[in-house]
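Participant: Sharing a structure, written as C-alpha cells. Questions coming.
None of the figures in this text is laboratory data; all of them are computed from the coordinates on show. For clarity, every value in this text was computed on a predicted model and none was experimentally measured. Glycine also receives a Cβ, built like all others from the backbone with ideal geometry; neighbour counts cover every protein chain displayed.
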C-alpha cells in the first residue's frame, strides 16, 4: 500500500499540472492517460514483439513437442535454444502487463486522496479538516471512510470561510482547493468524484462500471481479431490478466470514484488503437519478413568473405581471356 501511495503521490503532480492548465479534471485525465501511454509505449512494443514472436515460432514449437514430447527436460532445453536463436522472450509480455496495473493503482491513490496526493497539502491539516466536517450537524456520516478527502472536497465551498478551516489552511491552499473542487463536472453534470456504489444499481453512475466492462471486453475482442492466432500462443499469466481484467474492472469501478473509472475507460480505448497499430507493424508476418531478410543479408555477408576458388576449366578459360586482352592492348 505504501508503494501505491507513493505512486499516487508522484502521479498527482502530473494530474495537478494538467488540471491547472485545462481547469477540468475530465480533460486532465484524458491528457494524463495519453502521456502515460507514451511513457509505457516501449513496454507495449516489447509485449507485442513477445506475442508475435511466440506466434511466429508456433510451427517449430509443435515439431519440437512431437519430437521430444516424452522428455520434458530435453524439450525445455530445445525450446530455450529455439527462443535464444530467434531472439524471442516468451515471458516478456507478462511484466509489461503488470506495469500498467501498477500505474492504475497509483492513479487510484491520486484520485482517492486528492488533497494530499494531488494537491500535496499538509496531511495533518487535511486530517484535522476531515475531523471537523464529521462534527458538523447534518453531515453525511455514511460517506465511505476511504474517501473522506473526497467528501471534504465536495463540501469545502460551504465551509471555506469558517474560522476552523481558515486556521488550518493557508490562503493559497484554500484557493487551490476551491479551484480543484469546481473542476470535476463533465458532460454537463456528471461528477467524477461520485462513487457508483453510493447510488445503487438504479443510477446513471452505473454506466461507469458498465462502460469499463464493455470497453475492456471490446478491446480484447478486437485485439484477438487483429492479432489472429497470436493470442492463442500467449503464456498463462497473460491469458489470466487478459480475460480477468474486464470483470475486475467492472467490479472495482462500481466501488471507486467515477474519475478512476473514467481513466480506465480512456486507457482501454487508447490501448485498442495502439494494439491495432502495433499488430500491423510488428505482427508475425512482418517479423517473419524481417527475420528472412536478416538471414539473407547474413548469408550474403558470409559468402562475400570467402574467396572464390576457380575450377580447372575456369582457370583455363580465364588464362585465355587474359592473353586475348593483352594482345588487344599491344
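Participant: Apply 1/(1 + (r/R0)^6) to the Cβ-Cβ distance of residue 84 and residue 146, taking R0 = 51 Å, and write down the FRET efficiency to the nearest 0.05. Please list the in-between numbers first.
Facilitator: Working: r = 48 Å, r/R0 = 0.93.
Step by step, r from the Cβ atoms, then E = 0.60.
Participant: Could you list 101, 260 in order of exposure, starting from the residue whose Cβ has the fewest other Cβ atoms within 10 Å?
Facilitator: Working: 101 12, 260 25.
Placing the least packed residue first, the sequence is 101, 260.
Participant: For residue 276 and residue 127, calculate 0.36 nm times their separation in residues minus their Cα-Cα distance, and state this gained length in nm to one decimal.
Facilitator: Details: separation 149, 0.36 × 149 = 53.64 nm, distance 4.60 nm.
The span from residue 276 to residue 127 would gain 49.0 nm if fully extended.
Participant: Give me the tail of P(r) for segment 178-223 as a percent: Cα-Cα pairs with distance above 15 Å.
Facilitator: Everything past 15 Å amounts to 56 percent.
Participant: Going 7 Å from the Cα of residue 35 in the Cα-to-Cβ direction, what parts of segment 98-122 have a backbone nitrogen less than 19 Å from that spot?
Facilitator: Taking a point 7 Å out along Cα→Cβ of residue 35, the residues of segment 98-122 whose backbone N falls under 19 Å are 100-121.
Participant: Still on this structure, I have one more. Would you mind computing, in nm to one decimal, how far apart the modelled labels at residue 76 and residue 17 are, each placed 7 Å from Cα along Cα→Cβ?
Facilitator: 4.6
Participant: Give me the number: length gained by fully extending residue 182 to residue 166, i.e. 0.36 nm times residue separation minus the C-alpha to C-alpha distance, one decimal in nm.
Facilitator: Details: separation 16, 0.36 × 16 = 5.76 nm, distance 1.90 nm.
Difference between extended and current length: 3.9 nm.
Participant: Could you list the residues of segment 151-194 with an amide nitrogen less than 15 Å from a label point located 7 Å from the Cα of residue 134 in the Cα-to-C-beta direction?
Facilitator: The answer is 151-153, whose backbone nitrogens lie closer than 15 Å to the label point.
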